[in-house]
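Heads up, the thing below is written out as structure tokens.
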Amino acid sequence: MKIPTTRFGEIKVEEKQIIDIPGGLVGFPQCERFVLLEHLKESPYRWLQSVDEPSVAFLVINPSSIVKDYAIRLNPEVAESLYLSEETLKMVLAIVSVPLGKSKEATVNLVAPIVVNSEKRLGKQLILEDTDWSIHHRIYGTSEEVRSVEEKAA
Amino acid sequence: MLVLTRKVHQSIMIGDDIEVIVLDIRGEQVRIGIRAPKSVPVHRQEVYAQIVAENLEAARTRPEDVPPPPEGENSTNEQKRNIV
């Protein structure tokens with residue numbers, strides 16, 4: 001099937017490449033089917049493009065490539081709803097947000113990762129409770145570093 | 001909004017399978033227990049609202065603003081996007 005997208009034009013998608021996210025992403029209940037696209041060759045960034053809404057696409061990254069010790073504990077209910085066991089091939093994606101024209105201010109949301117059962121291509125966006133991770137984790141330098149640079153400049 | 005008065009250990013049924021129980025009241029804090037089917041996600045409202053706002057913001061990210069890889073490697077300008 002061919003799907004229209006706002007950012008990437010028309011793309012050809014096979015049914016088996018679609019990732020189902022029942023109930024959609026948080027705030028996007030109408031977007032329940034996605035495909036994962038490369039950003040650029042070799043780039044760790046990828047796009048989670050909605051199959052149903054051409055304008056909805058999220059820049060995503062494996063959070064472990066940003067924070068080495070990132071780990072999430074799946075509760076049994078979530079694991080069951082995604083048919084996940086220890087052995088199941090899975091991937092974790094975190095949504096990246098880049099302010100208009102400000103690449104260096106990119107942040108990644110470590111509180112609401114998307115967990116995907118790669119075998120069944122079934123996913124869910126989790127909301128971690130009582131976590132120390134940030135919704136706006138700076139990818140390039142910490143906010144403290146940015147602040148000290150600003151202070152020096154002032 | 002429906003408003004009900006409850007005492008500690010009393011509960012409220014929402015539909016047939018969601019139960020909200022007042023467990024404890026200490027000063028300004030109320031401990032609430034929720035029994036709901038596994039398919040019903042339960043979150044603190046303010047956290048949920050933050051994630052909605054962040055997802056809405058993230059959905060505005062443009063391809064031309066995507067930063068280089070965090071490790072500093074430069075990507076080639078390959079135009080074709082493969083589905084992963």
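The values are calculated or read from the model by the stated rules, or taken from the named source; none is laboratory data. Values in this document were obtained by computation on a predicted structure and should not be read as measured data. Neighbour counts are summed over all protein chains in view; Cβ atoms, including those assigned to glycine, are modelled from backbone coordinates with ideal geometry. When the accessible area is computed, the model is the full protein with side chains, heavy atoms only, and any ligands, DNA or RNA have been set aside. Shrake-Rupley method; radii C 1.70, N 1.55, O 1.52, S 1.80 Å.
What pairs come out if I take residues in the stretch A:88-107 that are of a type in the set (Phe, Trp, Tyr) and pair them with residues that are part of a helix (DSSP H, G or I) whose C-beta lies under 9 Å away, six or more apart or interchain?
Matching pairs, first to second residue: none at all.
Identify, please: which residue in the stretch A:44-56 is at the interface with chain B (Cβ under 7 Å from one of its Cβ atoms) and open to solvent by less than 20 Å² (accessible area, probe 1.4 Å) and is, among those, nearest to A:PRO4 (Cα to Cα)?
Here the answer is A:VAL56.
Every residue in the stretch A:95-110 that is within 10 Å of chain B (Cβ to nearest Cβ) and either assigned to a strand (DSSP E or B) or buried (at least 21 other Cβ atoms within 10 Å of the Cβ) (or both), please.
A:ILE95, A:VAL96, A:SER97, A:VAL98, A:ALA106, A:THR107, A:VAL108, A:ASN109, listed by residue number.
For the condition assigned to a loop (DSSP other than H, G, I, E, B) and over 25 Å from B:ALA53 (Cβ atoms), what is the one hit in A:GLU80, A:GLU86?
Exactly one of A:GLU80, A:GLU86 is assigned to a loop (DSSP other than H, G, I, E, B) and over 25 Å from B:ALA53 (Cβ atoms), namely A:GLU86.
Looking for whichever is without any contact (Cβ under 8 Å) to a residue 40 or more places away in the chain, closer than 21 Å to A:ILE127 by Cβ, out of contact with any Pro (no Cβ under 6 Å at 6 or more places or on another chain) and of a type outside the set (S, T, N, Q) here; the options are B:ILE12, B:ILE21, B:ILE32. Which one fits?
B:ILE32 is the lone residue from the list that is without any contact (Cβ under 8 Å) to a residue 40 or more places away in the chain, closer than 21 Å to A:ILE127 by Cβ, out of contact with any Pro (no Cβ under 6 Å at 6 or more places or on another chain) and of a type outside the set (S, T, N, Q).
Residues are listed down the side, and each one gets a yes or a no for (1) modelled with pLDDT under 85; (2) closer than 20 Å to B:VAL3 by Cα; (3) of a type in the set (D, E, K, R):
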residue	(1), (2), (3)
B:LYS38	yes, no, yes
B:ALA53	no, no, no
B:GLU64	no, no, yes
B:GLU71	yes, no, yes
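Those residues that are outside any loop (DSSP other than H, G, I, E, B) and within 23 Å of B:LYS38 (Cα to Cα), I need them from the stretch A:22-61; list them, please.
A:LEU25, A:PHE28, A:ARG33
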